[in-house]
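Colleague: First, the structure itself, so that you have it in front of you.
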Amino acid sequence: MAIFRQLSLGTKATLAAVTVFVSMIASRSFLAESLELRAWRWLLRLQLALFVNSLMLIGSLYIWRSTVSNLCHSPAAESTCFQLWKVVVVAFLALAHSSFFTMFFLVAEEPYLFSLVAYSCLGAYIIMLFFLCILSGMEQACQLLAWRSGRVMGSLEKTRKLVLRPALAVGVTAVLSVAGILNAAQPPAVKTVEVPIHQLPTSMNNLKIVLLSDIHLGPTVGRTKMEMFVRMVNVLEPDVTVIVGDLSDSEASVLRTAVAPLDQLHSRLGVYFVTGNHEYYTSDVSNWFALLESLHVRPLHNENVKISATRAQRGGGGSGGGSEDKDWICLAGVDDIEADILHYSGHGMDLDKALEGCSPDHTIILLAHQPLAAKRALQARPDINLILSGHTHAGQIFPLNVAAYLLNPFFAGLYQLAQATFVYVSPGTAYYGIPMRLGSRAEITELILRRAP
(Lines give C-alpha, C1' and ligand atoms only; values in the text may rest on other atoms or scores of the structure.)
Protein backbone atom coordinates (compact mmCIF):
# COMPACT_ATOMS: atom_id res chain seq x y z
CA MET A 1 0.00 0.00 0.00
CA ALA A 2 2.87 2.36 0.82
CA ILE A 3 4.35 1.73 -2.63
CA PHE A 4 0.98 2.48 -4.27
CA ARG A 5 0.76 5.84 -2.45
CA GLN A 6 4.16 6.81 -3.84
CA LEU A 7 3.08 6.22 -7.44
CA SER A 8 2.21 9.21 -9.64
CA LEU A 9 -1.44 9.92 -10.43
CA GLY A 10 -0.84 8.99 -14.06
CA THR A 11 0.55 5.59 -13.05
CA LYS A 12 -2.41 5.03 -10.70
CA ALA A 13 -4.85 5.85 -13.50
CA THR A 14 -3.06 3.39 -15.80
CA LEU A 15 -3.24 0.67 -13.15
CA ALA A 16 -6.94 1.40 -12.69
CA ALA A 17 -7.55 1.03 -16.44
CA VAL A 18 -5.65 -2.28 -16.52
CA THR A 19 -7.61 -3.54 -13.50
CA VAL A 20 -10.96 -2.70 -15.06
CA PHE A 21 -9.91 -4.28 -18.37
CA VAL A 22 -8.91 -7.51 -16.59
CA SER A 23 -12.24 -7.49 -14.73
CA MET A 24 -14.06 -7.17 -18.07
CA ILE A 25 -12.29 -10.25 -19.41
CA ALA A 26 -12.87 -12.18 -16.18
CA SER A 27 -16.56 -11.33 -15.97
CA ARG A 28 -17.11 -12.27 -19.61
CA SER A 29 -15.40 -15.61 -19.01
CA PHE A 30 -16.98 -16.53 -15.66
CA LEU A 31 -20.14 -14.46 -15.14
CA ALA A 32 -21.75 -14.09 -18.58
CA GLU A 33 -23.62 -17.40 -18.33
CA SER A 34 -24.62 -17.14 -14.67
CA LEU A 35 -25.88 -13.55 -14.47
CA GLU A 36 -29.39 -12.52 -15.47
CA LEU A 37 -29.33 -10.65 -18.80
CA ARG A 38 -30.30 -7.26 -17.36
CA ALA A 39 -27.63 -7.52 -14.64
CA TRP A 40 -25.03 -8.59 -17.21
CA ARG A 41 -25.99 -5.65 -19.43
CA TRP A 42 -25.48 -3.17 -16.59
CA LEU A 43 -22.21 -4.75 -15.51
CA LEU A 44 -20.79 -4.60 -19.05
CA ARG A 45 -21.77 -0.96 -19.49
CA LEU A 46 -20.41 0.00 -16.09
CA GLN A 47 -17.10 -1.70 -16.83
CA LEU A 48 -16.85 0.04 -20.21
CA ALA A 49 -17.58 3.43 -18.63
CA LEU A 50 -15.03 2.87 -15.86
CA PHE A 51 -12.41 1.64 -18.33
CA VAL A 52 -12.79 4.66 -20.61
CA ASN A 53 -12.81 7.04 -17.63
CA SER A 54 -9.64 5.46 -16.26
CA LEU A 55 -7.90 6.10 -19.58
CA MET A 56 -9.34 9.61 -19.69
CA LEU A 57 -7.86 10.35 -16.25
CA ILE A 58 -4.40 10.21 -17.82
CA GLY A 59 -5.44 12.82 -20.40
CA SER A 60 -7.22 14.92 -17.78
CA LEU A 61 -4.09 15.07 -15.64
CA TYR A 62 -2.14 16.25 -18.69
CA ILE A 63 -4.75 18.93 -19.49
CA TRP A 64 -4.77 20.10 -15.86
CA ARG A 65 -0.98 20.26 -15.74
CA SER A 66 -0.82 22.16 -19.05
CA THR A 67 -3.62 24.64 -18.38
CA VAL A 68 -3.39 25.11 -14.59
CA SER A 69 -0.43 23.59 -12.73
CA ASN A 70 2.25 24.99 -15.07
CA LEU A 71 0.79 28.48 -14.58
CA CYS A 72 0.71 28.41 -10.77
CA HIS A 73 4.11 30.10 -10.56
CA SER A 74 3.19 32.94 -12.93
CA PRO A 75 2.42 36.43 -11.57
CA ALA A 76 -1.29 36.00 -12.37
CA ALA A 77 -1.65 32.83 -10.27
CA GLU A 78 -3.15 34.69 -7.29
CA SER A 79 -5.67 36.67 -9.33
CA THR A 80 -9.42 36.09 -9.17
CA CYS A 81 -9.49 35.34 -12.88
CA PHE A 82 -7.03 32.48 -12.43
CA GLN A 83 -9.12 31.01 -9.59
CA LEU A 84 -12.19 31.17 -11.82
CA TRP A 85 -10.19 29.56 -14.62
CA LYS A 86 -9.37 26.59 -12.32
CA VAL A 87 -13.08 26.17 -11.57
CA VAL A 88 -13.89 26.22 -15.29
CA VAL A 89 -11.26 23.57 -16.07
CA VAL A 90 -12.49 21.33 -13.23
CA ALA A 91 -16.11 21.66 -14.43
CA PHE A 92 -15.08 20.99 -18.04
CA LEU A 93 -13.18 17.82 -17.13
CA ALA A 94 -15.94 16.62 -14.80
CA LEU A 95 -18.56 17.02 -17.55
CA ALA A 96 -16.37 15.19 -20.06
CA HIS A 97 -15.93 12.28 -17.64
CA SER A 98 -19.64 12.16 -16.80
CA SER A 99 -20.68 11.77 -20.45
CA PHE A 100 -20.38 7.98 -20.50
CA PHE A 101 -22.54 7.64 -17.38
CA THR A 102 -25.49 9.45 -18.99
CA MET A 103 -26.14 6.15 -20.81
CA PHE A 104 -27.36 4.72 -17.49
CA PHE A 105 -29.78 7.42 -16.38
CA LEU A 106 -30.38 10.04 -19.07
CA VAL A 107 -31.75 8.27 -22.14
CA ALA A 108 -35.27 9.21 -23.22
CA GLU A 109 -37.39 10.16 -26.23
CA GLU A 110 -35.43 13.41 -26.57
CA PRO A 111 -31.89 14.19 -25.35
CA TYR A 112 -31.42 15.84 -21.97
CA LEU A 113 -29.52 19.13 -21.97
CA PHE A 114 -26.99 17.72 -19.51
CA SER A 115 -26.18 14.85 -21.89
CA LEU A 116 -25.66 17.23 -24.81
CA VAL A 117 -23.37 19.47 -22.74
CA ALA A 118 -21.43 16.52 -21.29
CA TYR A 119 -20.80 14.92 -24.67
CA SER A 120 -19.89 18.29 -26.18
CA CYS A 121 -17.28 18.64 -23.45
CA LEU A 122 -16.03 15.16 -24.32
CA GLY A 123 -15.56 16.25 -27.94
CA ALA A 124 -13.74 19.39 -26.83
CA TYR A 125 -11.62 17.27 -24.47
CA ILE A 126 -10.43 15.10 -27.39
CA ILE A 127 -9.61 18.13 -29.54
CA MET A 128 -7.82 19.96 -26.71
CA LEU A 129 -5.76 16.94 -25.71
CA PHE A 130 -4.63 16.49 -29.30
CA PHE A 131 -3.59 20.10 -29.80
CA LEU A 132 -1.85 20.30 -26.42
CA CYS A 133 0.23 17.29 -27.43
CA ILE A 134 1.00 18.83 -30.84
CA LEU A 135 1.97 22.19 -29.31
CA SER A 136 4.08 20.46 -26.66
CA GLY A 137 5.94 18.58 -29.39
CA MET A 138 6.54 21.81 -31.29
CA GLU A 139 7.78 23.48 -28.11
CA GLN A 140 10.20 20.64 -27.43
CA ALA A 141 11.49 20.90 -31.00
CA CYS A 142 12.04 24.67 -30.59
CA GLN A 143 13.91 24.10 -27.33
CA LEU A 144 16.14 21.53 -29.00
CA LEU A 145 16.93 23.94 -31.84
CA ALA A 146 17.67 26.72 -29.32
CA TRP A 147 19.95 24.42 -27.34
CA ARG A 148 21.83 23.35 -30.46
CA SER A 149 22.31 26.98 -31.50
CA GLY A 150 23.59 27.85 -28.02
CA ARG A 151 20.77 30.28 -27.25
CA VAL A 152 19.68 30.42 -23.59
CA MET A 153 15.98 30.99 -22.95
CA GLY A 154 15.25 33.63 -20.29
CA SER A 155 12.72 33.19 -17.48
CA LEU A 156 10.31 35.72 -19.02
CA GLU A 157 10.36 33.88 -22.35
CA LYS A 158 9.70 30.58 -20.55
CA THR A 159 6.74 32.09 -18.73
CA ARG A 160 5.29 33.43 -21.98
CA LYS A 161 5.55 30.01 -23.60
CA LEU A 162 3.89 28.36 -20.61
CA VAL A 163 0.95 30.72 -21.05
CA LEU A 164 0.92 30.70 -24.85
CA ARG A 165 0.58 26.91 -25.26
CA PRO A 166 -2.64 26.45 -23.23
CA ALA A 167 -4.05 29.71 -24.60
CA LEU A 168 -3.58 28.53 -28.18
CA ALA A 169 -4.97 25.07 -27.39
CA VAL A 170 -8.05 26.51 -25.67
CA GLY A 171 -8.64 28.98 -28.51
CA VAL A 172 -8.34 26.35 -31.23
CA THR A 173 -10.51 23.93 -29.24
CA ALA A 174 -13.23 26.53 -28.78
CA VAL A 175 -13.33 27.44 -32.47
CA LEU A 176 -13.29 23.84 -33.70
CA SER A 177 -15.87 22.73 -31.12
CA VAL A 178 -18.33 25.41 -32.18
CA ALA A 179 -17.73 24.55 -35.85
CA GLY A 180 -18.24 20.86 -35.12
CA ILE A 181 -21.47 21.44 -33.19
CA LEU A 182 -22.89 23.63 -35.96
CA ASN A 183 -21.93 21.06 -38.60
CA ALA A 184 -23.55 18.20 -36.69
CA ALA A 185 -26.70 20.25 -36.09
CA GLN A 186 -27.33 20.51 -39.84
CA PRO A 187 -29.57 17.99 -41.59
CA PRO A 188 -27.54 15.21 -43.20
CA ALA A 189 -26.45 15.78 -46.77
CA VAL A 190 -28.26 13.75 -49.42
CA LYS A 191 -25.65 12.15 -51.66
CA THR A 192 -26.64 10.42 -54.90
CA VAL A 193 -24.34 7.62 -56.06
CA GLU A 194 -24.75 5.62 -59.27
CA VAL A 195 -23.50 2.03 -59.14
CA PRO A 196 -23.14 -0.03 -62.34
CA ILE A 197 -24.33 -3.61 -61.83
CA HIS A 198 -23.55 -6.12 -64.60
CA GLN A 199 -26.19 -8.71 -63.69
CA LEU A 200 -28.98 -6.30 -62.86
CA PRO A 201 -32.29 -7.39 -64.45
CA THR A 202 -33.56 -4.99 -67.10
CA SER A 203 -36.82 -4.59 -65.19
CA MET A 204 -34.86 -3.31 -62.18
CA ASN A 205 -32.68 -0.79 -63.95
CA ASN A 206 -32.51 2.47 -61.95
CA LEU A 207 -33.54 0.70 -58.74
CA LYS A 208 -33.22 3.25 -55.93
CA ILE A 209 -31.81 2.16 -52.56
CA VAL A 210 -31.63 4.67 -49.72
CA LEU A 211 -28.92 3.90 -47.16
CA LEU A 212 -29.05 4.93 -43.50
CA SER A 213 -26.47 4.00 -40.87
CA ASP A 214 -25.18 4.86 -37.42
CA ILE A 215 -28.14 6.88 -36.18
CA HIS A 216 -27.26 6.08 -32.55
CA LEU A 217 -30.52 6.86 -30.80
CA GLY A 218 -29.50 7.47 -27.22
CA PRO A 219 -28.23 10.25 -24.93
CA THR A 220 -27.79 12.87 -27.70
CA VAL A 221 -30.02 11.69 -30.58
CA GLY A 222 -33.79 11.43 -30.16
CA ARG A 223 -37.16 11.38 -31.83
CA THR A 224 -36.91 14.83 -33.44
CA LYS A 225 -33.88 13.81 -35.49
CA MET A 226 -35.47 10.49 -36.38
CA GLU A 227 -38.56 12.30 -37.69
CA MET A 228 -36.30 14.51 -39.81
CA PHE A 229 -34.49 11.49 -41.28
CA VAL A 230 -37.81 9.81 -42.15
CA ARG A 231 -39.10 12.95 -43.88
CA MET A 232 -35.90 13.27 -45.91
CA VAL A 233 -36.02 9.61 -46.97
CA ASN A 234 -39.67 9.81 -48.00
CA VAL A 235 -38.92 12.79 -50.24
CA LEU A 236 -36.49 10.57 -52.16
CA GLU A 237 -39.23 7.98 -52.86
CA PRO A 238 -36.95 4.93 -52.50
CA ASP A 239 -37.66 1.47 -53.82
CA VAL A 240 -35.71 -0.06 -50.95
CA THR A 241 -34.49 1.47 -47.68
CA VAL A 242 -31.73 -0.15 -45.65
CA ILE A 243 -30.38 0.62 -42.17
CA VAL A 244 -26.93 -0.91 -41.75
CA GLY A 245 -26.56 -1.02 -37.98
CA ASP A 246 -25.94 1.10 -34.89
CA LEU A 247 -29.50 2.35 -34.81
CA SER A 248 -29.54 2.50 -31.01
CA ASP A 249 -27.43 2.82 -27.88
CA SER A 250 -29.98 1.69 -25.32
CA GLU A 251 -32.77 -0.81 -24.70
CA ALA A 252 -35.81 -1.03 -26.94
CA SER A 253 -38.19 -0.27 -24.06
CA VAL A 254 -36.40 3.02 -23.34
CA LEU A 255 -36.28 4.20 -26.97
CA ARG A 256 -39.63 2.85 -28.18
CA THR A 257 -41.13 6.31 -28.76
CA ALA A 258 -37.89 7.72 -30.20
CA VAL A 259 -37.72 5.06 -32.93
CA ALA A 260 -41.47 5.10 -33.66
CA PRO A 261 -41.19 7.46 -36.69
CA LEU A 262 -39.66 4.56 -38.66
CA ASP A 263 -43.23 3.32 -39.05
CA GLN A 264 -43.80 6.29 -41.38
CA LEU A 265 -41.06 5.29 -43.83
CA HIS A 266 -42.46 4.77 -47.32
CA SER A 267 -40.36 2.31 -49.28
CA ARG A 268 -42.02 0.43 -52.15
CA LEU A 269 -40.14 -2.85 -51.71
CA GLY A 270 -39.50 -2.73 -47.99
CA VAL A 271 -37.26 -1.41 -45.21
CA TYR A 272 -34.44 -3.67 -43.98
CA PHE A 273 -32.08 -3.65 -41.02
CA VAL A 274 -28.90 -5.40 -39.89
CA THR A 275 -27.24 -5.19 -36.52
CA GLY A 276 -24.20 -3.08 -35.71
CA ASN A 277 -21.81 -3.49 -32.81
CA HIS A 278 -23.80 -1.08 -30.63
CA GLU A 279 -26.93 -3.21 -30.84
CA TYR A 280 -24.95 -5.94 -29.09
CA TYR A 281 -23.68 -3.51 -26.48
CA THR A 282 -27.32 -2.97 -25.48
CA SER A 283 -27.73 -6.75 -24.93
CA ASP A 284 -31.31 -6.27 -26.12
CA VAL A 285 -31.21 -7.43 -29.74
CA SER A 286 -34.26 -9.71 -29.56
CA ASN A 287 -36.46 -6.92 -28.23
CA TRP A 288 -35.11 -4.57 -30.87
CA PHE A 289 -35.95 -7.08 -33.61
CA ALA A 290 -39.51 -7.39 -32.30
CA LEU A 291 -39.92 -3.61 -32.05
CA LEU A 292 -38.57 -3.02 -35.56
CA GLU A 293 -40.86 -5.67 -37.04
CA SER A 294 -43.82 -3.91 -35.42
CA LEU A 295 -42.67 -0.76 -37.24
CA HIS A 296 -42.56 -2.65 -40.59
CA VAL A 297 -38.76 -2.76 -40.62
CA ARG A 298 -37.45 -6.23 -41.39
CA PRO A 299 -34.26 -7.39 -39.66
CA LEU A 300 -32.01 -9.55 -41.82
CA HIS A 301 -30.52 -11.92 -39.25
CA ASN A 302 -28.05 -13.82 -41.44
CA GLU A 303 -30.74 -14.16 -44.09
CA ASN A 304 -31.83 -12.71 -47.41
CA VAL A 305 -34.84 -11.60 -49.40
CA LYS A 306 -35.44 -11.92 -53.12
CA ILE A 307 -36.48 -8.55 -54.53
CA SER A 308 -38.09 -8.19 -57.94
CA ALA A 309 -39.41 -5.10 -59.66
CA THR A 310 -42.79 -5.58 -58.01
CA ARG A 311 -42.29 -7.42 -54.73
CA ALA A 312 -39.97 -8.84 -52.10
CA GLN A 313 -40.12 -12.32 -50.60
CA ARG A 314 -38.17 -14.40 -48.13
CA GLY A 315 -35.01 -15.93 -49.58
CA GLY A 316 -33.30 -19.23 -48.93
CA GLY A 317 -33.74 -22.58 -50.62
CA GLY A 318 -32.79 -23.07 -54.27
CA SER A 319 -31.40 -20.58 -56.69
CA GLY A 320 -34.86 -19.46 -57.72
CA GLY A 321 -36.03 -18.95 -54.16
CA GLY A 322 -39.34 -20.60 -55.06
CA SER A 323 -40.25 -17.68 -57.31
CA GLU A 324 -41.46 -18.01 -60.88
CA ASP A 325 -40.08 -14.55 -61.60
CA LYS A 326 -36.41 -14.92 -62.51
CA ASP A 327 -35.77 -11.17 -62.60
CA TRP A 328 -34.76 -10.64 -58.98
CA ILE A 329 -31.84 -9.54 -56.89
CA CYS A 330 -30.68 -11.04 -53.64
CA LEU A 331 -30.58 -8.60 -50.71
CA ALA A 332 -28.76 -10.28 -47.82
CA GLY A 333 -27.77 -9.17 -44.35
CA VAL A 334 -25.28 -10.52 -41.80
CA ASP A 335 -25.00 -10.01 -38.05
CA ASP A 336 -22.23 -7.70 -36.94
CA ILE A 337 -18.88 -9.38 -36.27
CA GLU A 338 -18.89 -7.95 -32.72
CA ALA A 339 -21.49 -10.60 -31.82
CA ASP A 340 -18.77 -13.24 -32.24
CA ILE A 341 -16.36 -11.33 -30.02
CA LEU A 342 -19.01 -10.85 -27.31
CA HIS A 343 -20.20 -14.47 -27.64
CA TYR A 344 -23.75 -13.17 -28.06
CA SER A 345 -25.98 -16.25 -28.02
CA GLY A 346 -27.60 -17.08 -31.35
CA HIS A 347 -25.80 -14.29 -33.19
CA GLY A 348 -22.64 -13.91 -35.24
CA MET A 349 -21.68 -13.29 -38.83
CA ASP A 350 -22.74 -16.34 -40.89
CA LEU A 351 -22.20 -15.51 -44.56
CA ASP A 352 -23.12 -18.96 -45.87
CA LYS A 353 -26.50 -18.82 -44.14
CA ALA A 354 -27.10 -15.22 -45.22
CA LEU A 355 -26.44 -16.03 -48.89
CA GLU A 356 -28.31 -19.32 -48.98
CA GLY A 357 -30.11 -19.48 -52.32
CA CYS A 358 -28.25 -16.46 -53.73
CA SER A 359 -26.58 -17.74 -56.88
CA PRO A 360 -23.75 -15.97 -58.74
CA ASP A 361 -26.13 -15.71 -61.70
CA HIS A 362 -28.13 -13.03 -59.88
CA THR A 363 -27.21 -9.66 -58.44
CA ILE A 364 -26.14 -9.98 -54.79
CA ILE A 365 -26.26 -7.01 -52.43
CA LEU A 366 -24.98 -7.56 -48.89
CA LEU A 367 -25.63 -5.44 -45.81
CA ALA A 368 -22.72 -5.68 -43.34
CA HIS A 369 -22.21 -3.03 -40.69
CA GLN A 370 -18.41 -2.99 -40.45
CA PRO A 371 -16.02 -2.55 -43.41
CA LEU A 372 -13.93 -5.37 -41.95
CA ALA A 373 -16.95 -7.66 -42.36
CA ALA A 374 -17.25 -6.45 -45.96
CA LYS A 375 -13.62 -7.39 -46.59
CA ARG A 376 -14.12 -10.86 -45.09
CA ALA A 377 -17.29 -11.38 -47.10
CA LEU A 378 -15.56 -10.58 -50.39
CA GLN A 379 -12.71 -12.93 -49.56
CA ALA A 380 -15.24 -15.74 -49.12
CA ARG A 381 -17.67 -14.73 -51.88
CA PRO A 382 -16.06 -12.54 -54.56
CA ASP A 383 -19.27 -12.81 -56.61
CA ILE A 384 -21.02 -10.28 -54.36
CA ASN A 385 -21.84 -7.24 -56.47
CA LEU A 386 -22.35 -4.56 -53.82
CA ILE A 387 -21.76 -4.36 -50.06
CA LEU A 388 -23.28 -1.54 -47.99
CA SER A 389 -21.56 -0.70 -44.71
CA GLY A 390 -21.22 2.03 -42.11
CA HIS A 391 -19.47 2.02 -38.73
CA THR A 392 -16.59 4.42 -39.45
CA HIS A 393 -18.57 7.70 -39.21
CA ALA A 394 -15.77 8.93 -41.52
CA GLY A 395 -13.99 9.53 -38.21
CA GLN A 396 -16.76 11.93 -37.04
CA ILE A 397 -14.37 14.46 -35.47
CA PHE A 398 -10.76 15.40 -35.97
CA PRO A 399 -8.34 13.83 -35.01
CA LEU A 400 -10.34 10.57 -34.80
CA ASN A 401 -10.62 10.66 -38.62
CA VAL A 402 -7.03 9.52 -38.88
CA ALA A 403 -7.56 6.54 -36.56
CA ALA A 404 -10.76 5.51 -38.38
CA TYR A 405 -8.95 5.66 -41.72
CA LEU A 406 -6.05 3.51 -40.51
CA LEU A 407 -8.17 0.92 -38.65
CA ASN A 408 -10.67 0.12 -41.40
CA PRO A 409 -10.08 -1.48 -44.81
CA PHE A 410 -12.67 0.91 -46.29
CA PHE A 411 -13.17 4.38 -44.82
CA ALA A 412 -16.03 6.25 -46.51
CA GLY A 413 -17.60 6.49 -49.94
CA LEU A 414 -17.63 4.16 -52.95
CA TYR A 415 -14.87 1.63 -53.60
CA GLN A 416 -14.58 -0.41 -56.78
CA LEU A 417 -12.64 -3.60 -56.04
CA ALA A 418 -13.19 -5.40 -59.34
CA GLN A 419 -15.07 -4.80 -62.58
CA ALA A 420 -18.34 -5.94 -60.99
CA THR A 421 -17.66 -5.52 -57.24
CA PHE A 422 -18.33 -2.41 -55.17
CA VAL A 423 -18.33 -1.44 -51.50
CA TYR A 424 -20.06 1.68 -50.22
CA VAL A 425 -19.32 2.91 -46.69
CA SER A 426 -21.72 5.46 -45.25
CA PRO A 427 -20.21 8.19 -43.03
CA GLY A 428 -23.32 7.86 -40.84
CA THR A 429 -26.70 9.54 -40.73
CA ALA A 430 -26.20 11.13 -37.29
CA TYR A 431 -23.34 10.79 -34.80
CA TYR A 432 -22.30 8.72 -31.81
CA GLY A 433 -22.60 10.52 -28.50
CA ILE A 434 -20.54 13.63 -29.25
CA PRO A 435 -22.83 16.10 -31.10
CA MET A 436 -19.99 17.25 -33.35
CA ARG A 437 -18.64 16.56 -36.82
CA LEU A 438 -15.25 17.83 -37.93
CA GLY A 439 -13.80 16.73 -41.23
CA SER A 440 -16.93 14.70 -41.97
CA ARG A 441 -20.59 15.27 -42.75
CA ALA A 442 -23.64 13.19 -41.85
CA GLU A 443 -25.23 11.64 -44.90
CA ILE A 444 -28.30 9.96 -46.32
CA THR A 445 -27.15 8.03 -49.38
CA GLU A 446 -29.32 7.55 -52.46
CA LEU A 447 -27.86 4.67 -54.48
CA ILE A 448 -29.10 4.28 -58.05
CA LEU A 449 -28.38 0.86 -59.54
CA ARG A 450 -27.70 1.03 -63.28
CA ARG A 451 -27.58 -2.00 -65.52
CA ALA A 452 -24.05 -2.18 -66.89
CA PRO A 453 -23.47 -3.47 -70.43
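The values are calculated or read from the model by the stated rules, or taken from the named source; none is laboratory data. Source: prediction; values computed, not measured. Protein only, heavy atoms only, side chains kept; ligands, DNA and RNA dropped before computing areas. Shrake-Rupley method; radii C 1.70, N 1.55, O 1.52, S 1.80 Å.
Colleague: Could you sort out which of 353/375; 225/375; 208/326; 225/306 sit more than 27 Å apart by Cα distance in this structure?
Modeller: On the way: 353/375 17 Å; 225/375 31 Å; 208/326 20 Å; 225/306 31 Å.
Going by Cα-Cα distance, 225/375; 225/306 fall outside the 27 Å limit.
Colleague: Let me ask something additional. Using only alpha carbon pairs under 8 Å that are at least six residues apart, calculate the relative contact order of the chain and give it in whole percent. Before the final figure, lay out each step's value.
Modeller: Values: 855 pairs, mean separation 82.9, N = 453.
About 18 percent, as a whole number.
Colleague: Send over a whole-number figure in Å² for the accessible area per residue of the chain, probe 1.4 Å. Working shown, then result.
Modeller: On the way: 20440 Å² over 453 residues.
That works out to 45 Å² for each residue.
Colleague: Something else: Leaving out ligands, DNA and RNA, and with a 1.4 Å probe, what % of the accessible surface on the chain is carbon or sulfur? Walk me through the numbers before you get to the answer.
Modeller: Numbers: 12950 of 20440 Å².
With neighbouring chains kept in place, the figure for the chain is 63 percent.
Colleague: Between region 83-137 and region 384-453, what is the C-alpha centre distance in whole Å?
Modeller: Between the Cα centre of region 83-137 and that of region 384-453, the gap is 27 Å.
Colleague: While we're looking at this one, here's another question. Using only the alpha-carbon atoms of region 254-396, report the extent along each of the three principal axes, biggest first, to the nearest angstrom.
Modeller: Principal-axis extents of region 254-396 (Cα, largest first): 43, 35, 30 Å.
Colleague: Can you report the principal axis dimensions of the chain using only the alpha carbons, biggest first, rounded to whole angstrom?
Modeller: So the three principal-axis extents are 86, 52, 38 Å.
Colleague: I'd like the projected area of region 348-418, averaged over all directions, using the convex hull of its alpha carbons. Report it in nm² with one decimal.
Modeller: Values: hull surface 20.3 nm².
Result: a mean projected hull area of 5.1 nm².
Colleague: Rounded to the nearest 10 Å², what accessible area does residue 352 have for a 1.4 Å probe in the complete protein model?
Modeller: Residue 352 exposes around 120 Å² with every protein chain in place.
Colleague: With helices defined as uninterrupted DSSP H runs, which ones in the chain have an alpha carbon span along their own long axis of at least 18 Å and mean Kyte-Doolittle hydropathy of at least 1.0?
Modeller: Counting only whole DSSP H runs, the qualifying helices are 9-30, 80-98, 113-148.
Colleague: Still on this structure, please answer the following. Percent of alpha carbon pairs in region 205-273 separated by more than 19 Å?
Modeller: Details: 685 of 2346 pairs.
The proportion of pairs with Cα distances above 19 Å equals 29 percent.
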